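The values are calculated or read from the model by the stated rules, or taken from the named source; none is laboratory data. Predicted model, so just to flag it, every value in this text is computed and none were measured. Every residue, glycine among them, receives a Cβ derived from its backbone with ideal geometry; neighbour counts consider all protein chains shown. Note: areas computed on protein heavy atoms with side chains; ligands, DNA, RNA excluded. Shrake-Rupley method; radii C 1.70, N 1.55, O 1.52, S 1.80 Å.
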Amino acid sequence: MGIELINVHKYYPTREGRRIVLKGAYGKIARGEKIGILGRNGSGKSTIVRMLGGVEAPNSGRITRSMGISWPIGMAAGFDGRLSGADNARFIARLYGRDVRKITEFVADFSELGEYLRMPIMTYSSGMRSRLALAVSLAVDFDCYLVDEALAVGDTRFGRAFAEKIENSGLILVSHSPALVRRLCTRAAVLDQGILTFYDDIDEALATYNAL
């Protein structure tokens with residue numbers, strides 16, 4: 001088994017009332033599976049990714065995990081701005097029980113931050129923080145990677161490295177692009193008005209999404 005959602009509810013309070021992201025979601029994602037979560041902009045896809053990665057908790061229900069799952073790829077929110085990029089990379093390597101030297105060498109090479117890697121992250125531009133986050137995300141091997149579609153497309157250096165990384169791993173991709181989900185995934189789920197529906201037949205999932 002990999003990930004299981006059991007009666008998961010997620011909402012945010014607003015001035016107009018609750019903004020509902022999930023209404024009692026159930027579903028299973030097996031180890032090694034590549035699954036796309038399709039939803040229109042603003043439907044709550046990114047919130048679901050954060051919940052699957054353990055960054056956010058549901059309001060009720062449970063999400064169980066029995067495999068190594070990445071944080072949302074490219075997410076820099078977990079960095080300590082007072083520490084250098086290299087110090088943050090070393091901390092993450094120790095946190096996940098990885099070889100510190102290999103992780104820091106990979107991050108230094110891939111991020112191309114040069115001397116800035118030894119400077120506090122609070123001095124970085126947003127682009128530099130993003131490069132560091134992507135490098136750290138690729139440096140650690142996981143059973144399953146959580147990723148937003150914006151980071152999975154194109155013939156960029158990251159896109160090519162990412163494609164190699166997920167070749168023998170699982171993938172949870174949030175997207176509003178049926179074509180991208182068909183290219184990278186073998187199964188899909190559709191998020192619409194708080195209802196998350198999993199489909200074993202990817203063609204059925206894409207047809208349902210296109211009909212929304």
Taking only the alpha-carbon atoms of segment 108-208, what semi-axes of the equivalent ellipsoid follow from 5 times the gyration tensor eigenvalues under a square root, in whole Å, largest first?
32, 14, 11
For Lys45, go through the lysines and keep the ones whose alpha-carbon is under 26 Å away, minus same-chain ones fewer than eight residues off.
Lys10, Lys23, Lys28, Lys34, Lys165
Per residue, how much accessible surface does the chain expose to a 1.4 Å probe? Answer in Å², no decimals.
50 Å²
Cα extents of segment 169-208 along the three principal axes, largest first, in whole Å?
29, 18, 17
Taking only the alpha-carbon positions of segment 97-142 and ignoring solvent, what does the Debye formula give for the base-10 log of I(q)/I(0) at q = 0.17, 0.29, 0.30, 0.32 Å⁻¹?
-0.45, -1.10, -1.14, -1.22
Quick one: if the Förster radius is 30 Å, what FRET efficiency do Tyr12 and Ser177 give, using the C-beta to C-beta distance and rounding to 0.05?
0.75
Quick check: residue separation of Arg82 and Ser126 times 0.36 nm, minus the Cα distance between them. What number comes out in nm?
14.3 nm
Just how much of Arg40 is accessible, in Å², when a 1.4 Å probe is used and the result is rounded to the nearest 10?
100 Å²
Only four residue types carry charge here, +1 at the Cβ of Lys and Arg and -1 at the Cβ of Asp and Glu. Report the dipole size of the chain about the Cα centre in Debye, rounded to the nearest 20.
580 debye
What does the extension gain come out to for Ile20 and Asn41, with contour length at 0.36 nm per residue minus their alpha carbon separation?
6.1 nm
Could you work out what % of the accessible surface of the chain is carbon and sulfur, using a 1.4 angstrom probe and leaving DNA, RNA and ligands out of the count?
50 percent
Computed on Cα atoms, Rg of the chain relative to 2.2 N^0.38 Å comes out at 1.05
Could you work out the pair-distance distribution P(r) of segment 64-152 from its alpha-carbon pairs, with 10 angstrom bin width and percents rounded to whole numbers?
18, 53, 26, 3, 0
Cα extents of segment 1-87 along the three principal axes, largest first (Å)
41, 39, 24
Could you give the length gained by full extension between Arg94 and Asn59, i.e. 0.36 nm per residue of separation minus their alpha carbon distance, to one decimal place?
9.5 nm
